[in-house]
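Below you'll find the structure, written out as structure tokens, and then a few comments.
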Amino acid sequence: MLDLQLNLDRDLVFFDVETTGLNVVRDRILQIALVKHFKNGQAPAELSMLINPGIPISEESMMIHGITPKDLANKPTFRQVAQKIWDFIGNADLAGYNSNRFDVPMLMEEFARVGMEFDISKRRLIDVQRIFYKMEPRTLKAAYRLYCGQELTDAHDALADVRATVDVFKGQLKMYEGKDMIDEEGNVVPAPIKNDMQTLHTFTNDLNFLDATQKLRVQPDGKVVFNFGKYVGQPVKEVLKKDRNYFNWIMEKEFSSQLKQIVRNMMKTLDDE
């Protein structure tokens, strides 16, 4: 591993999941690996487990990660390990590779199914892929080669991937220290990569959207509007105030638990006013 001390003011958990497929709402986690870095500098802790998803694994997914139903036959369900994962993460910030669009919402869905609301509103989310794609748009294997000077073996094993992600992250912090970025409009962004988790949270998140499925969009004036359905483009709070049945409709339909959590909090704010 690269020898660089992360500048943490809060614990930081890197994690990766392998799943039955790519649908955040319908598919399930069948392997999860987490590496927790502590703000006090103690040695990182690791947690890795196989999980019986309770549904079929798509052929496409099996070709990627190589995990079969036979491998999972006697493994615990997510319900049986949910508390262990919850306790391991604690109040930590979260980081991963493509984690904002996939791993985080997938984990939120799994927790929601067992009645546990995994709130990310007070956590910082750092997506190592977003740093990579903005600075060097390629794949995890290429990222490992570029930032670590080695070939990545055992790709798509969750623990191998999350360890590689930690190394890539540290390599990015070293390589881009003090380096300016030219954005898509040709503007120079002065040294956007810093060993500071708040800065990286801002850099790796698309702040135009509140949720991973991009159903809620933030306008330049700060108002949150619907990005779908019959109220597309209209402010969420105004819609909820005039059409409370729309809130119930969202809660009942197959939307992500992250979206429902945000809308629920907005409705609570209206009720408290």
| request: With the condition kept exactly as written, say whether any residue in region 30-52 is out of contact with any helix residue (DSSP H, G or I) (no Cβ under 8 Å at 6 or more places or on another chain), surrounded by fewer than 17 Cβ atoms within 10 Å (Cβ to Cβ), under 26 Å from GLY115 (Cβ atoms) and assigned by TED's automatic domain parsing to the domain that holds ALA142. | output: no
| task | Evaluate region 237-253: report whether one residue or more is outside any loop (DSSP other than H, G, I, E, B), more than 30 Å from VAL114 (Cα to Cα), free of Cβ contacts under 8 Å to residues at least 12 places away in the same chain and under 17 Å from the mean Cα position of the chain (by Cα). | result | no
| In region 115-144, residue modelled with the lowest pLDDT [restricted to those that are in a helix (DSSP H, G or I) and of a type in the set (Ser, Thr, Tyr)] | TYR133
| Has region 138-159 got any residue that is farther than 22 Å from ASN23 by Cα, surrounded by 17 or more Cβ atoms within 10 Å (Cβ to Cβ) and within 15 Å of the chain's Cα centre (by Cα)? | no
| For GLY21: the one exception among (1) within 17 Å of the chain's Cα centre (by Cα); (2) touching a residue at least 60 places away in the same chain (Cβ under 8 Å) | (2)
| request: With the condition kept exactly as written, say whether any residue in region 222-242 is acidic (Asp, Glu) and modelled with pLDDT under 95. | output: no
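The values are calculated or read from the model by the stated rules, or taken from the named source; none is laboratory data. The shown structure was predicted, so the numbers you read here are calculated from the model rather than taken from an experiment. All Cβ positions, even for glycine, are placed from backbone atoms using ideal geometry, and neighbour counts span all protein chains on display.
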